[in-house]
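Questions regarding the structure given below will be posed in turn.
Every number here is computed from the coordinates shown, using simple stated rules; none is lab data. Just so you know, these numbers come straight off a predicted model, no measurement behind them. Here Cβ is always computed from backbone atoms with ideal geometry, including for glycine, and neighbour counts include all displayed protein chains.
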Amino acid sequence: MDNPFNKILGSLKSGFAKRSQSVVGIDIGSSFVKVVQLKKKGGRAVLETYGELALGPIAGLEVGRMTNLSAEKVAQAVADIFREANVTTKESAIAIPLSGSLISFVEIPYLVEKQLQEIIPIEARKYIPVPISEVTLDWWIIPKFDSATTEVSESEKSSITAGARVQKADVLIAAIHNEVLMKLKSVATLNSLNAGFFEIEVFSTVRSTFGHDLVPTMLFDMGAGMTKLSIVERGIMQSSHIINRGSQDITMNISNSLGVSSSRAEELKRLYGLSQTETEEGKVVAEISSTVLEYVFSEANRILLNYERKYNKTVSKVILIGGGVLLKGFKEAAEKNLEAEVLYGDPFAKVEAPAFLTDVLKEAGPEFAVAIGLALRRLQELD
Ligand SMILES: Nc1ncnc2c1ncn2[C@@H]1O[C@H](COP(=O)(O)OP(=O)(O)OP(=O)(O)O)[C@@H](O)[C@H]1O
Ligand SMILES: [Mg+2]
């Protein structure tokens, strides 16, 4: 999707971007850093390298645990994964975590661009629970769709552009905590990166995992400490939520119930997941996993239903991304609990890669959706 935030956040592009044809997308999650390097060849995006590094151990915790590290430590982690994955370019783009941003959907009168510049900061004050001086604001008018066609209707278009008298516009307002942005900028500076832009992670994911599909779709991103749910229609985010449960909750509960270390619990979680097993350990892992997931699925259902009621539309598809969805049996459980077609995000399908990697990349895809989406946009910028 077009990035709504290039007005402010895309201003860092330097004049050196053309020097290298390779770009790297950097996704600094709470538990892992992921990088994907792409280059352009014959008009296609080609995968050069990718990799991830657990942040837990840097914070004195286990692999898979959530962290809150200083810019210096994160910068070191980025340098480490660059070395390990053999990243060779400084042309980069960095994800802004959804948790570092506040996204509001606001209805305001249609106005010309100039008036919007004035009215949006005033409107934003009503929705943003922190002082405006602490955030960087950006916004995007969500086109309204004519239900009979797949296009933005002509009357809508002209009202958006001409600021004509049409009543209301839905506007997506994003407020990014300055502190979060500053930290990411420091990480870039400390690694001498040429960060072309910073983008809220959901927008990167939409770019890498959505096709031409127009149906309302839920993007389901389960990380370590939280699960992020967004509803996207025609490539445009329509609603976004954070649930304070993630895959780490499963690990911690396993560790407590079985009296094993967190790292052993992490191993057991990955080994058994929700799969049926004869062993006592396996049963406990499956039970704990399903208890945590039940809560997440019930929240997801609530969000789906609210959306369906509000817009009188069915959300018929769910795309799974994030490390947490790699749990064995996750997709089947999601299918059972959510009334929609459930698919794993397959972002590597958008890039060219050696055939022998096909299966590996399909499996790793959900974890790298954000990093690939960033790299794809950064490549476009080099055109
Ligand atoms: N194969 C697997 N089976 C089960 N869980 C897994 C597997 N691989 C990774 N995880 C879990 O996924 C979590 C990490 O997911 P992810 O990499 O999406 O997190 P993140 O991007 O750092 O988090 P966030 O986006 O919430 O900040 C960890 O808790 C880890 O234990
Ligand atoms: Mg993540």
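Based on Cβ point charges of +1 for Lys and Arg and -1 for Asp and Glu, what charge dipole magnitude is obtained for the stretch 241-341 about its Cα centre, in debye rounded to the nearest 20? Intermediate results must be reported in sequence, preceding the final value.
Numbers: 13 positive and 14 negative charges, 89 e Å.
Roughly 420 debye for the stretch 241-341.
Next up: With unit charges on the beta carbon (Lys/Arg positive, Asp/Glu negative), name the residue among L326, G273, M237 whose Cα is farthest towards the positive pole of the charge dipole of the chain.
Farthest along the dipole direction, towards plus: M237.
If you look at just the Cα atoms of the stretch 192-243, how large are its Rg and its Dmax in Å?
12.6, 41
To continue, here is another question. Given a Förster radius of 30 Å and the C-beta distance between E118 and L214 as r, what FRET efficiency does 1/(1 + (r/R0)^6) yield to the nearest 0.05?
Here the calculated transfer efficiency is 0.35.
Given H placed on each backbone N at 1.01 Å, which residues far from I142 in sequence or on other chains put an amide H within less than 5 Å of it?
D170, V171, L172
Residues with amide H under 5 Å of T49's amide H, sequence separation 5 or more or different chain, H placed in the peptide plane at 1.01 Å from N; which?
Q37
State, to one decimal in nm, how far the label point of E281 lies from the label point of Y295, with both points 7 Å from Cα in the Cβ direction.
In this crude label model, E281 to Y295 measures out at 2.5 nm.
How much mean residue ellipticity at 222 nm does the chain get from its helices, if each DSSP H run of length 4 or more adds -39500 (n - 2.57) and you divide by all residues, to the nearest 500 deg cm²/dmol?
It comes out at -13000 deg cm²/dmol, rounded to the nearest 500.
For the stretch 307-376, run through the trypsin sites (Lys or Arg not before Pro) and keep only the ones in DSSP coil with at most 16 other Cβ atoms within 10 Å of their Cβ. The partial results should precede the final answer.
Values: sites: R309, K310, K313, K317, K328, K331, K336, K350, K362; in loops: K313, K328.
Sites meeting the loop and neighbour criteria: K313.
Mind listing the long-range amide H neighbours of K328? Cut-off is under 5 Å, sequence gap 5 or more, other chains count too, H placed in the peptide plane at 1.01 Å from N.
G273, L274
Of all the C-alpha pairs in the chain, what % are more than 30 Å from each other? Provide the component values of the computation, followed by the final result.
Values: 30017 of 73153 pairs.
Beyond 30 Å sits 41 percent of the P(r) for the chain.
What helices does the chain have that are whole DSSP H segments, at least 24 Å long along their own axis by Cα, and with mean Kyte-Doolittle hydropathy of -1.0 or more? Don't jump to the answer; show the numbers that get you there.
Numbers: long enough: 280-311 (46 Å, -0.27); 358-381 (30 Å, 0.19).
Passing helices, by number: 280-311, 358-381.
Report relative contact order for the chain in percent, whole number only (criteria: Cα-Cα under 8 Å, sequence separation at least 6). Each step should come with its number before you reach the end.
Working: 733 pairs, mean separation 81.8, N = 383.
Once normalised by length, the contact order is 21 percent.
State to the nearest 20 debye the size of the charge dipole of the chain about its Cα centre, where the only charges are +1 on K and R beta carbons and -1 on D and E beta carbons. Intermediate results must be reported in sequence, preceding the final value.
On the way: 42 positive and 47 negative charges, 190 e Å.
Roughly 920 debye for the chain.
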